[in-house]
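Inspection log for the structure reproduced underneath, given as C-alpha cells.
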Ligand SMILES: Cc1ncc(C[n+]2csc(CCOP(=O)(O)OP(=O)(O)O)c2C)c(N)n1
C-alpha cells in the first residue's frame, strides 16, 4: 500500500515535524470519519504544513481562512452544504492561538448560535509556526520566545468557557488514547449543533522534546492530571472517560520537556497546584452534574472500553 493511503486526511510529504501531534490528530479524525470531511483552517501550522499553492498534502477540501475566522467560515460552508443537501462533516481546525486568543470572538459567536460544525482545537500551547510566542494556552513556567524566564500567568480554561456556551457536546481528546479519541469524534459526528473537540498536541521544536516522545507525553498528560479526559453534553452532564484514581507524579511529564528546564521549584509547585485544582474541579463537576439520559444514549452506541 502506498504510504499516502495510510491517512484519509493528510498525505505523506507534508512538512509537519516528525512526531507532530497535529499530524496524528488529522490521522485519527480520518480514522473516525474517513474522508467525508471539509475543513476551514486559519493561519497556523496546519495551514502551513501542506505546502504552498497550488500544491497541497490535504486529501480533503480545505478553505484557508484568516487567523480569526475559521469558525465562521466553517459555519458558512456548512450552510451551503445544507442548501445542497450534502451530508459532510464540516470542521474548523485551529491551533490554540486561533482558538484561545485571536479566534475567540468568532468562536464564541458560533458556539452561542449553535452553528452546526465540529470545532477542533489542537493545542500545542504556543504560537508555533511564527516562532514560539506565548499564547493564553501556554502553561505557567513554560519558556517561549516571549516568556524567556517562564510564563507567569496561568493557562486559560477553554473547556469551561465553551461548556458555558451551552453547546451540545464538548470533549477533551488525547493522541495517546486513540480508541477514546475515535469514539469522541464519532459521537461528535452524530450530535447536531456546535461541537468542541479539544486535543493536547505535543510540539517537537517548541516543547523541546524528541519526536519519539509525543505520544508518551500525551499519555502522561492524562495520567498526571495535566489533561483530564472527559466529555460534557449540554452543559449539564459531565462524564470523565479516563478515570485516574492515583495521579502519576507530574515530574514524569515535565522533566523530558526542556521548555520547563529553567522553571524554579516555586513555579513547578504553582503548576502542580493549578493542575490539581483543575482536576478536582472537573471531578466535582462530574459529581454535581453526573452523566444522565443523553450520555447514556451515546454510551449505548459508543461504549467506553
Ligand atoms: C491577524 C493576524 N495576526 C497575526 C498573524 C501571524 N500569525 C500567523 S499564524 C500565528 C500563530 C498561530 O499559532 P497557533 O494558532 O497556536 O497555531 P500553531 O502555529 O501553533 O500551529 C500568527 C501569530 C496573522 N496571520 N494574522
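Where a number appears in this text, it was derived from the coordinates with a stated rule and is not lab data. Note that the structure is a prediction, hence the values are computed from the model and not measured. Neighbour counts run over all protein chains shown; Cβ positions are idealised from the backbone, glycine included.
Odds and ends about this structure:
- Inter-part distance where region 16-72 and region 156-208 are each reduced to a Cα centre, Å: 16 Å
- Ranked 77, 22, criterion: other C-beta atoms within 10 Å, fewest first: 77, 22
- Counting Cα-Cα pairs of region 8-88 in 5 Å increments starting at 0 gives whole-percent bin shares of 3, 14, 24, 24, 22, 9, 3, 1, 0.
- Scattering curve values for region 164-305, log₁₀ I(q)/I(0), Debye with Cα scatterers, q = 0.15, 0.18, 0.20 Å⁻¹: -0.79, -1.06, -1.22
- As a proxy for reagent exposure, ranking 48, 25 by other Cβ atoms within 10 Å from fewest up yields 48, 25.
- Modelled label positions at residue 87 and residue 235, each set 7 Å beyond Cα in the direction of Cβ, lie 3.0 nm from each other.
- Reported value for region 193-276: 120 Å³ per residue, from the convex hull of its C-alpha atoms.
- Computed extension length for residue 52-residue 164: 36.5 nm, one decimal, from 0.36 nm per residue of separation with the Cα-Cα distance subtracted.
- The gain in end-to-end length when the residue 248 to residue 280 segment is fully stretched comes to 10.0 nm, 0.36 nm per residue minus the alpha carbon separation.
- q = 0.15, 0.22, 0.30 Å⁻¹, region 110-165: log10 I(q)/I(0) [Debye, one scatterer per Cα]: -0.53, -0.85, -1.16
- Ranking of 271, 53, 93 by count of other Cβ atoms within 10 Å, fewest first: 53, 271, 93
- Contact order normalised by residue count of region 13-104, Cα under 8 Å, 6+ apart, percent: 34 percent
- Kirkwood Rh and Cα Rg combined as Rg over Rh, evaluated for region 3-301: 0.94
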